[in-house]
Structure formats: structure tokens, C-alpha cells
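**Q** Next up is a structure, given as C-alpha cells.
Laboratory data are not the source of any read-out in this text; all were calculated from the coordinates shown. Note that the coordinates shown come from a computational prediction; the quantities given were computed from them, not determined experimentally. Cβ placement follows ideal geometry from the backbone for every residue including glycine, while neighbour counts extend to all protein chains displayed.
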Amino acid sequence: MPLAAFSYGTAYFVFLILNMPVLLLCSARLWRLFAGPANEGWVAWLLAGGLLPALAAVGFGQMGVLLLLGIVLFSICSPCPLLV
């Protein structure tokens, strides 16, 4: 509820601005986790930024990106991340 203090338009914009970097960072982390070439990390950003369902989730203000963040953080902390 930290965004409840703002008007709807301002809260929506702040939520959008916070979700886009989260989406891109999660895609970069998953790219490294699944052994993508290190010099082609931009492909992960391109896929995440160009995938219509991901953009729709961010655009409609859904919490799916935060769920993805939780899964990625769990995979980072897991002793065997590929089993997550």
C-alpha cells in the first residue's frame, strides 16, 4: 500500500517505472541461469521487452512481474537453482 498516498495516475506511473527494470533484470538473471552466452545478454532484454503478455502485464498494472521477481530470487537462493 505504499502507493496509496498518490493519485491513481501518479501511482500507476510509479508502478510502471518500477516494474520495467524488474522485468529486464529478471530476464537477464534467467538468461545467465540457463547458460545463455554472456556476450548476448541483450537478447534476454529484447525478448522480455518485446513479449506482448509481459508488456500487457506491466501496462495493465498486474502483479505478475513481482511474482517473477519472487521466483527469480528463490532460484538465486536455492542450492540447486535448476530444480526450481
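**Q** Compute the relative contact order of the chain as a whole-number percentage, counting only Cα pairs closer than 8 Å that sit 6 or more residues apart in sequence.
**A** Across the chain, relative contact order equals 31 percent.
**Q** With r defined as the distance between the Cβ atoms of ILE17 and LEU47 and R0 fixed at 22 Å, what FRET efficiency is calculated, to the nearest 0.05?
**A** Efficiency for this residue pair is about 0.60.
**Q** Same structure again: Could you tell me the convex hull volume per residue, in Å³, taken over the Cα atoms of the chain?
**A** About 95 Å³ per residue, rounded to a whole number.
**Q** Compute the FRET efficiency between LEU33 and ALA56 as 1/(1 + (r/R0)^6), taking r as their Cβ-Cβ distance and R0 = 35 Å, and round to the nearest 0.05.
**A** Approximately 0.90, to the nearest 0.05.
**Q** Here's a follow-up. For the stretch 1-43, would you read off the P(r) tail past 12 Å as a percentage of all alpha carbon pairs?
**A** So the portion of pairs separated by more than 12 Å is 65 percent.
**Q** Something else now. Quick one: angle between helix 8-33 and the longest Cα principal axis of the chain, in degrees between 0 and 90, rounded to 10, please.
**A** Result, in degrees: 0.
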